[in-house]
1. How much net charge surrounds Thr42 when only other residues with a Cβ under 9 Å from its Cβ are counted (Lys, Arg +1; Asp, Glu -1)?
2. Once phi is turned into ³J(HN,Hα) by the Karplus curve 6.51 cos²θ - 1.76 cosθ + 1.60 with θ = phi - 60°, what whole-Hz value does each residue of the range 38-46 show in order, with x for glycine and proline?
3. With axes computed from alpha carbons, what is the tilt in degrees of helix 22-34 against the longest principal axis of the chain, rounded to the nearest 10 within 0 to 90?
4. If you bin every alpha carbon distance in the chain into 10 Å steps from zero, what whole percent lands in each bin?
5. Can you give me the solvent accessible area of Cys109 with a 1.4 Å probe, rounded to the nearest 10 Å²?
6. What does the accessible area per residue of the chain come to in Å², with a 1.4 Å probe and no ligands, DNA or RNA counted?
7. Note the angle between two axes, namely the Cα long axis of helix 3-16 and the longest principal axis of the Cα atoms of the chain, as a number of degrees from 0 to 90, rounded to the nearest 10.
8. May I ask you to derive the FRET efficiency for Leu124 and Gln11 from their Cβ-Cβ distance with R0 = 35 Å, giving the value to the nearest 0.05?
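The values are calculated or read from the model by the stated rules, or taken from the named source; none is laboratory data. Just so it is clear, the structure is predicted and the values come from calculations on it, not from any experiment. Positions of Cβ are backbone-derived with ideal geometry, glycine not excepted, and every protein chain shown enters the neighbour counts. The accessibility values were calculated without ligands, DNA or RNA, using every heavy atom of the protein model including side chains. Shrake-Rupley method; radii C 1.70, N 1.55, O 1.52, S 1.80 Å.
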Amino acid sequence: MQTNVQNSYNQWAESYDDMPNKTRDLDKVAMQSMFAPRPSDTVLELGCGTGKNTEWLSTKAAQVTAVDFSVEMLRKAQEKVQSPIVQFQQADITKPWLWNYAAFDRACCNLILEHIRDLSFVFLEASRVIKDNGYFFVSELHPIKQFLGSKARFELGNRQILLDCFVHHASDYFNSAKEHNFECLEYKEWFDADEKNIPRLITFLFQKKKNIELTQKESYQ
């Protein structure tokens, strides 16, 4: 991920929870509606930010690894969420992931893929670290909103800070998922309460299919 994104979120961290933000708030609603960890699940949370979803996940799962690119966002999350089942880590998910093969039952990725050019790499690594039949939830700003000029931004003093962003169509998510052994179980567009024509968020719940080739190979050994 580019330095612009990391520096910007570090600057944004102090005011992120206090500023009005419909995208942040709707993402929390979408997450709790579509992503349902079991008490025994290990969860990888990508883009934990200041912990808005981490707090909820800590009451649902057995273990949560909460990850963000921004050190300052992580600092705020650690102040907010002090649970023995949550481990916070700083990582750039555009680089090879350090987690082990099939380490997690579920993973979620919230409001960060607009900052990443290569979706395929993220799905490749997600497929590696999620167990067979595990789940991958993705929540992102809707491409229609992006086409109309919406992107991650915030006020710093008297300046508006715009972050580097890339537009990903729904087909880009579906194609990357299919390429890396995921199938889509649920796809939904989310609207603001006062806006019924333009969706704000696009969300997907994918399931990692069992790797038949590996299973067959193991059976011959």
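1. 0
2. Each residue's phi maps through the Karplus curve to give 8, x, 9, 7, 9, 10, 9, 9, 9 Hz.
3. Between the helix axis and the principal axis of the chain, the angle is about 20 degrees.
4. 8, 34, 39, 16, 3, 1, 0
5. Surface accessible to solvent at Cys109 totals approximately 0 Å².
6. I get 49 Å² per residue for this part.
7. 70 degrees
8. 0.70
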